Amino acid sequence: METLDIHQILRQLPHRYPLLLVDRVLECVPNERILAIKNVSINEPYFQGHFPQRPVMPGVMILEALAQATGLLAFRSTGQSPEDGTLYYFVGVDGARFKRPVEPGDQLHLHAEVVRGRGRVWKFETRAEVDGQVVCEAQIMCTARKIGD
């Protein structure tokens with residue numbers, strides 16, 4: 001089992017501010033599972049408009065954070081990275097369910113487990129939790145592509 005700090009995440013994911021949504025990896029078991037965190041801050045750019053009177057993290061951003069966690073797990077499982085010209089693209093989401101709002105000050109725990117990882121296509125069972133409560137669940141699929149394909 002391995003952990004990743006923000007410097008290792010930046011080497012592994014191509015995302016940058018304001019779209020990098022993983023702050024730390026607490027556990028990663030290649031080809032099996034990952035547990036990462038996203039610290040939700042009032043300084044996030046989307047809170048200005050979603051919603052000014054009661055800031056709520058958009059559901060699509062929660063799904064994007066989960067997708068980034070799956071990308072990290074896929075990269076760690078295959079030994080690939082953006083530096084070698086490989087990217088993992090988010091290609092599908094099924095069964096997304098949102099259980100409660102995520103607000104500034106919350107810490108998202110991003111869980112993903114490999115359902116299938118064959119060749120270039122990966123499927124994951126994911127969930128996001130705050131304080132042990134599920135806030136979002138979804139099946140996520142991604143695919144590996146060489147830059148320029």
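Of note:
- Qualifying residue in segment 70-80 (condition: under 17 Å from Arg24 (Cβ atoms) and β-branched (Val, Ile, Thr)): yes
- Scanning segment 34-48 for residues that are out of contact with any helix residue (DSSP H, G or I) (no Cβ under 7 Å at 6 or more places or on another chain) and within 15 Å of Ala67 (Cα to Cα) gives Leu35, Ile37.
- Residue within segment 121-136 that is surrounded by fewer than 19 Cβ atoms within 10 Å (Cβ to Cβ) and at pLDDT below 95 present: yes
- Residue ID - surrounded by the fewest Cβ atoms within 10 Å (Cβ to Cβ), chosen from residues in segment 98-115 that are farther than 22 Å from Leu26 by Cα and free of Cβ contacts under 8 Å to residues at least 40 places away in the same chain: Arg100
- Being within 30 Å of Pro55 (Cβ to Cβ), among the hydrophobic types (A, V, I, L, M, F, W, C), under 17 Å from the mean Cα position of the chain (by Cα) and outside any strand (DSSP E or B) is a description that applies to Val102.
- Test result for Arg127, more than 19 Å from Leu21 (Cβ to Cβ), touching a residue at least 12 places away in the same chain (Cβ under 8 Å) and not aromatic (Phe, Trp, Tyr): no
- In segment 89-119, the residue that is modelled with the lowest pLDDT out of those that are basic (Lys, Arg) and out of contact with any Phe, Trp or Tyr (no Cβ under 9 Å at 6 or more places or on another chain) is Arg118.
The values are calculated or read from the model by the stated rules, or taken from the named source; none is laboratory data. Keep in mind that what you see is a predicted model, and the values were worked out from it rather than measured. Positions of Cβ are generated from backbone atoms using ideal geometry, with glycine treated the same way; all protein chains shown enter the neighbour counts.
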